[in-house]
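Here's the structure we're looking at; comments come further down.
The values are calculated or read from the model by the stated rules, or taken from the named source; none is laboratory data. Since this is a predicted model, take the numbers as computed values, not measurements. Note: ideal-geometry Cβ built from the backbone for every residue, glycine included; neighbour counts use all protein chains shown. Note: areas computed on protein heavy atoms with side chains; ligands, DNA, RNA excluded. Shrake-Rupley method; radii C 1.70, N 1.55, O 1.52, S 1.80 Å.
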Amino acid sequence: MIEDRELLWLLTGLAGTLALATAAGQTLRLSVGGDTIANVNARIGAWWVMSIAFVAATLTGGIGSLVLFALLSMLALREFVTLSPTGRGDHRALAWSFFVVIPLQYVLVGIHWYGLFSILIPVYGFLFIATRIVLSGETEGFLERTATIQWGLMACVYCVSYAPALMLLDIDGYDASSGKLLLFLVVVVQSSDVLQFVWGKLIGRRRIAPTVSPNKTWEGFVGGVACATLVGTGLWWATPFNPWQAAAMSFVIAIAGFAGGLVMSAIKRDRGVKDFGSLLPGHGGVLDRIDSLLFAAPIFFHLTRFFF
Amino acid sequence: MTGRVVAALARLLAGGYVRWDAPPPNGEPRVYFANHTSHLDFVLLWSYLPPSQRRRTRPVAARDYWEKGPLRRYFINRVFCGLLIDRSGPDARGAVDRMAEQVAAGDSLILFPEGTRGTGDRIAPFKAGLFHLCEAEPDVELVPVSLENLNRVLPKGELIPVPMVSRVIFGPTLRLEDGETKETFLARARTALKALREDGR
């Protein structure tokens, strides 16, 4: 069914890693037990579901990924807006955001209209949202409400849409439409998250941003970024990069992902919540899971588009 | 079938945090009463009931709204098996009788004792119907259900819902006590509902 040997290897590796994690998680549950292990196992279970959904979507080619990421954008924006100080006057602007802006953005990605998809939300969405909100006549907290919705669209829709856009890149001698580059990004960004968590739990002591996220430590950050860079370097054969380039890309992805996680943590802290949602067992909401992808996807896309 | 699809869509659109402080439904008739801010209120509440209970749990809905147009009629009659009552007119007591009949026949009800949709800022005082229903069927269990954020999903006067994470909390059950007056009972029921809300209002 899958003719691309490299893709097959990637998927085998992913399934093998998850199987190992499941085995380790169950062993720990039986030997140690406790809440942390239960949470880790819930996370691993959710990883299976997410991986299968993601791989299934990627294998259907561009369309499946576009639909999956459009849905993720909707779920992420839904969680974002829930915690935002929007009011009655913003209802119509939000309806437009969900049911017109999101589909339009992904259609533009789908028809390869780079010139418009890269400015739709930052330019036209920016102007439209402010205009639609002012028409409601509700001026209390106007700038805060408007800016919040614009930020939500940028983060949850614009940035996320760069992930499936990777399948549409024209790269000499490389078939980006197979989804390998997208898989590379997601594997590096998510393994960076997981490895930062693991290193932090194992040897984390010095907090890196105590006022923002007390669980993030220097040890976790350095260990996680270094290991994710190694993971990405080891996957160079599935990308258009040589090992050095793959290492540099993975490093940038991991750093951008860390920034994304930190920024979204600051928003959660300000709103006084721990998670954006409760959709994914152990992970919180969709936005909690893709916070690092938000920042990594556009940077990775543009670096690849510019240099390859 | 349609019911399952509607329930899944409702939860995708407006679902979120759900908690049962009440024991899970065991087939005995119950009256779920909730705060009311949106047309989606009963849909989401209903979607969080176990599928086997949905068929036998009938939302009590206003005839004047739900009998307008074939689409509304289809949903309220075919999908939700709603019990349509007249809000205005001389027959308010008749509505209570019909609710009591349903309970006596073993069906559960979803009721909004405020009588109309509010803005979500506070819960309005309860109408007397809930009390009269309990007078007629004193053994029925009442379950307060707090619905939060639905007023942001589909506020009064809007046609298109906006996806939003909500909180649905099924509180501990209560019953009409022997000799309890209308005022005391309605106030107690309202307090039980308010206690489930994050801001307590």
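For the reader, a short list of remarks on this structure follows.
- Among the residues making up the stretch B:117-149, a single one is farther than 18 Å from B:Arg190 by Cβ and within 13 Å of chain A (Cβ to nearest Cβ): B:Asn149.
Residue-wise test of (1) more than 30 Å from A:Leu77 (Cβ to Cβ); (2) modelled with pLDDT under 95; (3) not in a helix (DSSP H, G or I).
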{"site": "A:Arg205", "(1), (2), (3)": "yes, yes, yes"}
{"site": "A:Ala226", "(1), (2), (3)": "yes, no, no"}
{"site": "A:Trp244", "(1), (2), (3)": "yes, no, no"}
{"site": "A:Val252", "(1), (2), (3)": "no, no, no"}
{"site": "A:Ser265", "(1), (2), (3)": "no, yes, no"}
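- Residues of the stretch B:1-46 that turn out to be within 13 Å of chain A (Cβ to nearest Cβ) and surrounded by 22 or more Cβ atoms within 10 Å (Cβ to Cβ), as a count: 4
- Count - residues of the stretch A:213-228 that are touching a residue at least 40 places away in the same chain (Cβ under 8 Å) and either over 23 Å from A:Gly179 (Cα atoms) or open to solvent by 20 Å² or more (accessible area, probe 1.4 Å) (or both): 2
- Strands (runs of 3 or more DSSP E) completely within the stretch B:1-109 that count 3 or more residues being touching a residue at least 40 places away in the same chain (Cβ under 8 Å) and over 14 Å from the mean Cα position of the chain (by Cα): B:16-20
- Considered as a group, the residues in the stretch B:159-175 that are open to solvent by 30 Å² or more (accessible area, probe 1.4 Å) and touching a helix residue (DSSP H, G or I) at 6+ places or on another chain (Cβ under 8 Å) include one that is nearest to the other protein chains (Cβ to nearest Cβ), and that residue is B:Ile160.
- Of all residues in the stretch A:78-135, those that are of a type outside the set (Phe, Trp, Tyr), within 22 Å of A:Ile63 (Cβ to Cβ) and within 14 Å of chain B (Cβ to nearest Cβ) total 4.
- Single residue of the stretch A:110-120 satisfying the filter (over 20 Å from the mean Cα position of the chain (by Cα) and modelled with pLDDT under 95) that is most open to solvent (accessible area, probe 1.4 Å): A:Trp113
- Test: residue in the stretch A:180-190 that is open to solvent by less than 10 Å² (accessible area, probe 1.4 Å) and closer than 13 Å to A:Asp291 by Cα: yes
- The single residue among A:Val107, A:Val100, A:Val67, A:Val123 that is surrounded by fewer than 22 Cβ atoms within 10 Å (Cβ to Cβ), assigned to a helix (DSSP H, G or I) and at pLDDT below 95 turns out to be A:Val67.
- Note on the stretch B:89-127: residues that are over 20 Å from B:Leu196 (Cα atoms), small (Gly, Ala, Ser) and open to solvent by 30 Å² or more (accessible area, probe 1.4 Å) amount to 4.
- Close contacts from the stretch B:181-201, counting a first residue that is under 19 Å from B:Asn149 (Cα atoms) and a second that is among the acidic types (Asp, Glu), with Cβ to Cβ under 7 Å and a gap of 6+ residues or different chains, come to B:Arg197/B:Glu148; B:Glu198/B:Glu148.
- Counted residues, the stretch A:1-39 - those being farther than 20 Å from A:Val186 by Cβ and touching a residue at least 60 places away in the same chain (Cβ under 8 Å): 2
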